[in-house]
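Below you'll find the structure, written out as structure tokens, and then a few comments.
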Amino acid sequence: MATPTAPNRPRSSAAEIPLLTDRAYERIKHDVITCVLAPGAEVSEPQLCLNYRLGKAPVRMALIRLAHDGLVRAIPRRGYRITPVTLKDIQDIFELRLMLEPAAARMAAGKIDGKQARALDEASRTGYQSGDAQSIGRFLEMNKDFHVAIADTTGNLRLAAMIAQLHDQMTRLLHLGLGLRNRSAEMQSEHRALIKALLRGNGDSAERIAREQIEAARAMVLSAVMTSSSVLNLALGGEPH
């Protein structure tokens, strides 16, 4: 009896590959950041092609981009591993935020207009419900938009890009633990205070408020991770041998 053959997958034209690569990158990245693809999990190109119904070329190129972002690591002859999260990762990410974001806030002070301030205010109004992954995801998306918009105002595109990448990495930390406590009201108040400082052109206050926000977020994340055994086991598991 002849062996049944799998249905032919439509081949992508050369012109379609960049578009499909962007689609593969965004979908896989979203699932890594939101921990649908768990930290430390191993994945393969064939598995991802099947899961996302995409061809080999766009998935492979998407994985190369994700490796550059630090979200996956290549495993020779086996595939890829979703980059694990460690306590050092948490400290490193927040240290970098403390280096970059207060400086960006100082640089942005006095440079935002009424329209930009209203957009920042709108982004800062989103809250979340503890334990609700969808609302946490929406909140973190708007939180990232808020901080990147401030960096954009400085006119330094590389600075804005670095802050955006840090927030992508931080989102994984928050998805792992922020469902344990709702701090959205406090963060909204902090964001409003920062907007006022930016509008007044008070660089000292803007820098100080940005630093205090990051310190408070770091304390919250560390507390959430260290007090939840399920988060601790998932986030801090060692590299498989």
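None of the figures in this text is laboratory data; all of them are computed from the coordinates on show. Keep in mind it's a predicted model, so treat the numbers as computed, not measured. Ideal geometry is used to build each Cβ from the backbone, glycine not excepted, and the neighbour counts take in all protein chains shown.
Between residue 72 and 67, 83, the built amide H atoms are under 5 Å apart, and every one of these is 5 or more places off in sequence or on another chain. Evaluated at q = 0.11, 0.18 Å⁻¹, the base-10 log of the normalised Debye intensity for the range 87-235, with identical point scatterers placed on the Cα atoms, takes the values -0.39, -1.03.
Segment residue 60..residue 113, full-extension length gain: 14.8 nm, with 0.36 nm per residue of separation and the alpha-carbon distance subtracted.
Rg of the Cα atoms in the range 76-118, relative to 2.2 N^0.38 Å, amounts to 1.97. Residues whose amide H falls under 5 Å from that of residue 41, counting only those 5 or more places apart or on a different chain, are 82, with hydrogens built in the peptide plane. Ranked by the mean number of other Cβ atoms within 10 Å per residue, highest first, peptides 49-58, 209-218 order as 209-218, 49-58.
A straight chain from residue 222 to residue 74 at 0.36 nm per residue would run longer than the Cα-Cα distance by 50.5 nm. Sequentially through the range 18-26, phi angles give Karplus couplings (6.51, -1.76, 1.60; θ = phi - 60°) of x, 5, 5, 5, 4, 5, 4, 4, 5 Hz, Gly and Pro residues having no value and appearing as x. Neighbour counting of Cβ atoms within 10 Å sorts the residues 198, 166, fewest neighbours leading, into 166, 198.
Between residue 204 and residue 189, the simple spin-label model (points 7 angstrom out along Cα→Cβ) gives 2.4 nm. A Förster radius of 25 Å combined with the Cβ-Cβ distance from residue 47 to residue 26 puts the calculated FRET efficiency at roughly 0.85.
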